[in-house]
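A.B. asks: Before I ask anything, here is the structure I am working with.
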Amino acid sequence: MKIPLSVLDLAPIGTGFTSTQALNSTIQLAQLAEKLGYTRFWLAEHHGMPGIASSSPEVLIARVAAATQRIRVGAGGIMLPNHAPLRVAEAFHTLEALYPGRIDLGIGRAPGTDPATSQALRPFDAAQFPAQLRELISLSLEDFPEDHPFHGVKVVPNDVELPPVWILGSSGASARFAGAMGLGYGFASHFSPVSPVPALNAYREAFSPSRWFEKPHVILAVAVVCAETEEEAEYHARSMDLIAVRLARGQFGLFPTPEEAEAYPYTPADLAVVRERRSLLIVGDPQRVRARLLAVAEETGADELMISTMVHDPGARLRSYELVAEALS
């Protein structure tokens, strides 16, 4: 079995590194992913997190697309409640005009940050997400009725359309909506403990073809740490243990080294958080990772796996993606 692989990147900033170095590492990773045959390279939207440099995915998409030639580049995703739909439409029309046929627009409904930073973004009510998405698409297509206040509003550049639109979910709440709209669907199994199977089934059952998708297309995001040996993979995965504990406490900082993580005095409650996080993480040598990924693909029927690798060492991160590609090629 061979399944398309893609990359989800957050531009992690590790202890001892700067955000500039993290962004340059993202560009290096995108170029490697293209060379290795990955299908697409998506960038997440997070705000107010010192250890995450991907706060402006539309800017990074432009930079990554300029540094590559063939790989699809997109948002994984734009957190729509943080933005006016018109601005999202304008940004992605512009990207589509600059890099025709290479851009993806993944859209989520979460804020991608803590409550205080979310307030600073002056967000829309997340309950308005379906209406916001319909507004975004109608603005792009200019299909508002004549009595609508936005009738006649033009998204410029207006000689291109929105790129393919994907709805991103972690609980299944938006799965039927994505299917009924004829959009792609991505499920965040890299951080969600919810089984993706019911959501994917609901998406497929509700699917109706659209201008972007003739048939359902599911992307399953999976957290992976791969190295030449099991021991080395476990070493690099320690950083994610401490990150999980800090996030559970609402603490945001730089991505820790494996040594920092090993020296941390974990409480019993911390260890429970680590165990839950580890249940979502595929760690191991290429043979073990291959077996786990193929099992996930078979269980879910996913059309594509999107790999998220968050380790402290940029070189180890590149090597992990390289090993995964080789293992599944």
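The values are calculated or read from the model by the stated rules, or taken from the named source; none is laboratory data. From a predicted model like this one, the values you see are computed outputs, not experimental measurements. Methodologically, a virtual Cβ is constructed for each residue, glycine included, from the backbone with ideal geometry; neighbour enumeration extends over all protein chains shown.
A.B. asks: Of all residues in the range 5-18, which are surrounded by fewer than 16 Cβ atoms within 10 Å (Cβ to Cβ) and either touching a residue at least 60 places away in the same chain (Cβ under 8 Å) or part of a helix (DSSP H, G or I) (or both)?
C.D. replies: Thr15, Gly16 - these are the residues of the range 5-18 that are surrounded by fewer than 16 Cβ atoms within 10 Å (Cβ to Cβ) and either touching a residue at least 60 places away in the same chain (Cβ under 8 Å) or part of a helix (DSSP H, G or I) (or both).
A.B. asks: Where the second residue is surrounded by fewer than 17 Cβ atoms within 10 Å (Cβ to Cβ) and not β-branched (Val, Ile, Thr) and the first is touching a residue at least 40 places away in the same chain (Cβ under 8 Å) and assigned to a helix (DSSP H, G or I) and lies in the range 285-309, which pairs have Cβ atoms under 8 Å and are six or more apart or on separate chains?
C.D. replies: Pro286/Glu228; Pro286/Glu326; Arg288/Glu230; Leu294/Met1; Ala297/Met1; Glu298/Met1
A.B. asks: Filter the range 187-212 down to the residues that are in a loop (DSSP other than H, G, I, E, B), touching a helix residue (DSSP H, G or I) at 6+ places or on another chain (Cβ under 8 Å) and surrounded by fewer than 19 Cβ atoms within 10 Å (Cβ to Cβ) and list them by number.
C.D. replies: Residues satisfying the conditions are Pro193, Ser208, Ser210.
A.B. asks: Assuming Pro157 fulfils every condition listed in (1) modelled with pLDDT of 95 or more; (2) under 20 Å from Gly74 (Cβ atoms); (3) within 21 Å of the chain's Cα centre (by Cα); (4) not acidic (Asp, Glu) apart from one, which condition is it?
C.D. replies: For Pro157, the exception is condition (3).
A.B. asks: Select from the range 284-310 the residues that are within 16 Å of the chain's Cα centre (by Cα), aliphatic (A, V, I, L, M) and more than 16 Å from Val218 (Cβ to Cβ) and list them in ascending order.
C.D. replies: Met310
A.B. asks: Taking the condition at negative phi, assigned to a loop (DSSP other than H, G, I, E, B) and touching a Gly at 6+ places or on another chain (Cβ under 9 Å), does Phe252 pass?
C.D. replies: yes
A.B. asks: Is it the case that some residue within the range 231-243 is touching an Asp or Glu at 6+ places or on another chain (Cβ under 9 Å) and either assigned to a strand (DSSP E or B) or of a type in the set (A, V, I, L, M) (or both)?
C.D. replies: Taking every residue of the range 231-243 in turn, at least one turns out to be touching an Asp or Glu at 6+ places or on another chain (Cβ under 9 Å) and either assigned to a strand (DSSP E or B) or of a type in the set (A, V, I, L, M) (or both).
A.B. asks: Now for a different question. How many residues does the range 100-129 hold that are within 22 Å of His217 (Cα to Cα), surrounded by 16 or more Cβ atoms within 10 Å (Cβ to Cβ) and either modelled with pLDDT of 95 or more or not aromatic (Phe, Trp, Tyr) (or both)?
C.D. replies: 9
A.B. asks: State which residue is nearest to Ala11 (Cα to Cα) when the search covers only the range 254-279 and only residues that are within 26 Å of the chain's Cα centre (by Cα) and β-branched (Val, Ile, Thr).
C.D. replies: Thr257
A.B. asks: Surrounded by 13 or more Cβ atoms within 10 Å (Cβ to Cβ) and either under 17 Å from His47 (Cα atoms) or touching a residue at least 60 places away in the same chain (Cβ under 8 Å) (or both): does that describe Leu95?
C.D. replies: yes
A.B. asks: Which residues, taken from the range 19-54, are small (Gly, Ala, Ser), more than 29 Å from Arg292 (Cα to Cα), surrounded by fewer than 20 Cβ atoms within 10 Å (Cβ to Cβ) and modelled with pLDDT of 95 or more?
C.D. replies: Selection gives Ser19 alone.
A.B. asks: Quick one: Leu121 ticks every box in (1) touching a helix residue (DSSP H, G or I) at 6+ places or on another chain (Cβ under 7 Å); (2) at positive phi except a single one, so which number is it?
C.D. replies: So the condition that Leu121 fails would be (2).
A.B. asks: On the basis of being of a type in the set (Lys, Arg), more than 21 Å from Phe17 (Cα to Cα) and either touching a Gly at 6+ places or on another chain (Cβ under 8 Å) or surrounded by 22 or more Cβ atoms within 10 Å (Cβ to Cβ) (or both), does Arg288 make the cut?
C.D. replies: Here the answer is no, as Arg288 does not meet what is asked.
A.B. asks: Restricted to the range 141-167, and to residues that are outside any loop (DSSP other than H, G, I, E, B) and touching a Phe, Trp or Tyr at 6+ places or on another chain (Cβ under 8 Å), which residue is farthest from Ala202 (Cα to Cα)?
C.D. replies: Val165
A.B. asks: Here is a follow-up. Does Ala223 satisfy the condition of being surrounded by 17 or more Cβ atoms within 10 Å (Cβ to Cβ), assigned to a helix (DSSP H, G or I) and in contact with a His (Cβ under 6 Å, 6 or more places away or on another chain)?
C.D. replies: no
A.B. asks: Could you list, in sequence order, the residues of the range 71-123 that are touching a His at 6+ places or on another chain (Cβ under 7 Å) and either in a loop (DSSP other than H, G, I, E, B) or among the basic types (Lys, Arg) (or both)?
C.D. replies: Passing the criteria: Gly112, Thr113, Leu121.
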